[in-house]
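Please treat every number below as a calculation from the coordinates, not as lab data. Source: prediction; values computed, not measured. Using ideal geometry, Cβ is built from the backbone for each residue, glycine included, and neighbour counts are taken over all protein chains shown.
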Ligand SMILES: Nc1ncnc2c1ncn2[C@@H]1O[C@H](COP(=O)(O)OP(=O)(O)OP(=O)(O)O)[C@@H](O)[C@H]1O
Ligand SMILES: [Mg+2]
């Protein structure tokens, strides 16, 4: 039996009390007993009951039928009518509120019980299917973006449903044909970007004012991006075209210069041509229903921010975004974090626990540093990607999920595949769309905009009024190689602002030392000047190096010496670019 919260609207005291007793005995809770339509509406709003039992004839200006209609329309609360005698006219009017039942007075308990149960059941089912429909139409609206994958020779290997709509081809008809037959872009030279990417070029946008002719001849303006797909040997294995409506493309794709996404609280600076190409693709990928995305780029290039961007620009943005860092969580924990466990799955499992795969369902999972995922788990992850299903540890039943998985790596996964540390099949499964963030030294036009952006941010945060960079400081910024990428810029500016006394940042406060690659290569920590001008980051790095040297680069002993776990040590070593084979 479904127990429900029920509101009673009945102006005969005795009947009302009878109803209350019976319903309570049946296990329902009665939220209130009222006698007028106006009170019914007030109570419904206040307590949102699952069901209202309503006398058709009640005192006051508004009768039960009218009140029921309002409850249904305004609050989606269903009604069972209670009626002694009703004229045909009232009865036909009563139907307008789509009542879920009629109970004739004087009522019989079994009759009441059956009506109430049916109504609660029907309401639950209706509500669920309505929600499902809403979710579906939300995704359908978002599936504007067509995705076509082609191999090196230009043969179509994938056509998503939006691309089917756009081109008029079904995937099964299109597979094996040359993309030029399916993706008929005019004029013909409009396909040049695809050809350039196939011959080894970076991500490109389709030319403006490209027109796509569907199979039946209808033409529509499209815009989009073409990105290379690399195989595990590092050669181009094909390309992916992500495209959609052209209208938003007028003017700058990103206007203003900063993209603010309040819910996740981050901003992205896009002041470089290379980054704009990547983000043009990213925006379409976000809106497409592609369920796996691989982000690669050196440490500090902005993989985390890009992952959040993808989530917040997808139809899943209101659902959870959960991240797990495969490098910083001990191996034994990653599995239970991801999959959760059943009570008793292992000694410590006193309670059932849901993993992030389950908690994020409907949303996005960000698997950071995927290259560090243990091999055995990689196989399990592959299954999640293929079936959108998994089992809790110690569980026997499959749990179905709906997830977008974004994986990021700063390792060369191809190298890991060669070394037997990464599964080839997982690589291909993740590699549907690969977003590569170029290192900062390859997009030098972004250095000054980024520096100014961080200056602005830290001015606000530190309540400072620094004006900008002296010409020499700008020179120094431009000349530096930024091995720590955007994170290094951020940390450099943060530190410079703390030490700078004048209102323009001078080269000396930047403290850029080309002889120390990756010196400020640290995670999100705040850099505060320590004694003798050393930043926290530098100090941390020095401590790490000292501990490692003292122990002959034995990571276990060094970790013990520092009082941190081995995993944390490994993580920090990676952040600071400290290699185990480094000469002491
Ligand atoms: N385009 C950008 N605009 C503004 N800030 C950025 C941009 N790219 C990166 N950042 C900032 O740089 C820092 C490093 O970025 P992020 O953490 O995303 O790097 P990452 O590639 O994930 O690095 P790692 O491989 O070390 O995890 C963050 O503070 C981030 O906010
Ligand atoms: Mg990261």
| field | Debye-sum result for the stretch 442-521 in log10 I(q)/I(0), which assumes one identical scatterer on each alpha carbon, at q = 0.14 Å⁻¹ | value | -0.38
| remark: Between residue 565 and residue 22, the two model label points (7 Å from Cα along the beta-carbon direction) sit apart by a distance in nm of 6.0 nm
| task | Could you state the angle between the C-alpha long axis of helix 375-387 and the longest principal axis of the C-alpha atoms of the chain, as a value from 0 to 90 degrees rounded to the nearest 10? | result | 40 degrees
| With Cα atoms, 0 to 90° folded angle of helix 109-142 axis to the chain main axis | 30 degrees
| CD proxy at 222 nm, helix term only [per DSSP H run n ≥ 4: -39500 (n - 2.57); per residue of the chain; nearest 500] | -12000 deg cm²/dmol
| task | Working from Cα positions, state the angle (0 to 90°, nearest 10) between the long axis of helix 303-312 and the longest principal axis of the chain. | result | 20 degrees
| request: Mind giving me the nanometre distance, one decimal, between the label points for residue 208 and residue 57, set 7 Å out from Cα along Cα→Cβ? | output: 7.4 nm
| request: Starting from the Cα of residue 577, step 7 Å toward the Cβ, then list every residue of the stretch 287-313 with an amide N under 13 Å from that point. | output: 298-301
| After finding the eigenvalues of the alpha carbon gyration tensor for the stretch 5-139, what semi-axes result from the square roots of 5 times each, listed largest first in whole Å? | 24, 17, 15
| Over the chain, what is the mean sequence separation of C-alpha contacts under 8 Å (at least six apart), divided by residue count, expressed as relative contact order in percent? | 8 percent
| task | Report the relative contact order of the stretch 145-247, percent, no decimals, based on alpha-carbon pairs under 8 angstrom and at least 6 residues apart. | result | 29 percent
| task | Would you mind telling me the antiparallel percentage of the DSSP bridges in the chain, rounded to 5? | result | 50 percent
| query | Can you sort 24, 90, 409 by how many other beta carbons sit within 10 Å, fewest first? | reply | 24, 90, 409
| query | So what is the relative contact order for the stretch 148-188, in percent, with contacts set as C-alpha pairs under 8 Å and at least six apart? | reply | 37 percent
| said: Return the Rg/Rh ratio of the chain with Cα-based radii and a Kirkwood Rh. | reply: 1.09
